[in-house]
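Note sheet for the following structure.
We did not get these values from a lab; they are worked out from the coordinates using the rules stated. Since we're looking at a predicted model, the values are computed, not measured. Methodologically, a virtual Cβ is constructed for each residue, glycine included, from the backbone with ideal geometry; neighbour enumeration extends over all protein chains shown.
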Amino acid sequence: MDYQKVFSEMAAEVDYIEDHGKVPSYIPELQNVDPNKFGIHLTTIDGQNFYLGDSNEKFSIQSIAKVFSLVLAFGLEDDRLWERVGVEPSGTPFNSLVQLEYEKGIPRNPFINAGALVICDILVSRLEHPKREILDFVRGVSGNPAIEYCSRVAESEKLTSFTNAALINLMKAYSNIHNDIDVVLDVYFHLCSIEMTCQELAQGLLFLANNGVNPFAEKRVVSESKSKRINAIMQLCGFYDEAGEFSFKVGLPGKSGVGGGIIAIYPGHYSIAVWSPKLNAKGNSYKGMRILEFLTTRTKASIF
Ligand code: GLN
């Protein structure tokens, strides 16, 4: 596949697309970003790299980090994990409370906030130094020991954390949170505050395009079966109540974050990270989705 040619066409497309999204305001610190930033980086499993724009600039990965935390927790818990969190699409916004009461404190999947909070609770139970070990894991798979949390973003989210606090309290009432609520929230806010570039993200999650093995380090991160399942959850749940739309338009497993990032995986081929801070009404990067749709349309290659 001649990705270079597609990327040249994409550069024109990026300028052509009118950006209709908005930078989110509910985490105040996330507003301190230039809304017109745009970066994209594609890494193939045989080591080719294609990139455009601000692909080497760090941004707040937010919910994309939920892929890393899921990988870690799944590795530690195996199938016991699914007693505490489901694998079904929620069809509701990422921070929705409504299903949780009906479903007795068991979140639909690990990518909505409720599910990611349960995953953080598991990591708090299982790891001696959860924040340090999560960061070490992300640094390890991404090949960059300098990746950091952003304490300003974590603090900013903590100050406006009313919905996440409601979610975790409700789950605690249903005994699906085992640790102290403030400890788990602190891990969650730090997880979401990780800052990475498109290049680091594409590299860091490339193992999901290669049956669980990081092709550069020749290191297995998760089993083949777990890699398949994580991709399946990304396909069905990675974009909350827009997961169908992303599947329909892009046709790849993916995960978004309110920092404007998206990671998408083409199993057997590549991983791609895109960053464009303005979000659509569902909290997913407006331009990011449009450009990934352009990519899979032009290359005529998706999982479908
Ligand atoms: N930290 C954000 C929150 O909890 C993550 C949401 C997202 O990226 N979709 O609201």
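Name the residue from Ile17, Ser302, Asn169 whose Cα lies farthest towards the positive end of the charge dipole of the chain, charges +1 on Cβ of Lys and Arg and -1 on Cβ of Asp and Glu.
Checking the options against the dipole of the chain, the answer is Ser302.
Quick one: order Phe38, Phe74 by neighbouring beta-carbon count within 10 Å, fewest to most.
Ascending number of Cβ neighbours within 10 Å: Phe74, Phe38.
Could you calculate, for the stretch 12-165, the ratio of the Cα radius of gyration to the Kirkwood radius, expressed as Rg to Rh?
My calculation of the ratio gives 0.98.
Given bins 10 angstrom wide, list per bin the percent of all Cα-Cα distances in the stretch 29-77, short to long.
With 10 Å bins starting at 0, P(r) equals 19, 34, 35, 12, 0.
Let's see if you can work this out: charge +1 on each Lys and Arg Cβ, -1 on each Asp and Glu Cβ, no other charges. What is the dipole magnitude of the chain about its Cα centre, in debye to the nearest 20?
Here the chain has a charge dipole of around 360 debye.
Taking a ≥ b ≥ c as the square roots of the Cα gyration tensor eigenvalues, with a/c under 1.5 meaning rounded and otherwise prolate when a/b beats b/c, else oblate, which class fits the stretch 1-90?
Oblate, since a/c reaches 1.5 and b/c is not below a/b.
To the nearest 20 debye, what charge dipole does the stretch 120-237 have about its Cα centre, counting +1 at the Cβ of each Lys and Arg and -1 at the Cβ of each Asp and Glu?
Once rounded to the nearest 20, the dipole reads 400 debye.
List the residues, sorted by chain then number, that are 5 or more residues from Asn211 or on another chain and whose placed amide H is less than 5 Å from its amide H.
Correct list: Gly268.
For all pairs of alpha-carbon atoms in the chain, what percent lies in each bin of width 10 Å, listed from the first bin to the last filled one?
6, 31, 39, 20, 4, 0
Once you've got the Cα coordinates, tell me which of Lys22/Lys172; Lys58/Lys282; Lys37/Lys226; Lys58/Lys172; Lys5/Lys131 are over 31 Å apart.
Correct reply: Lys22/Lys172; Lys37/Lys226; Lys58/Lys172; Lys5/Lys131.
From the C-alpha gyration tensor of the stretch 113-152, pull out the three semi-axes of the equivalent ellipsoid (sqrt of 5λ each), sorted largest to smallest, in whole Å.
20, 12, 10
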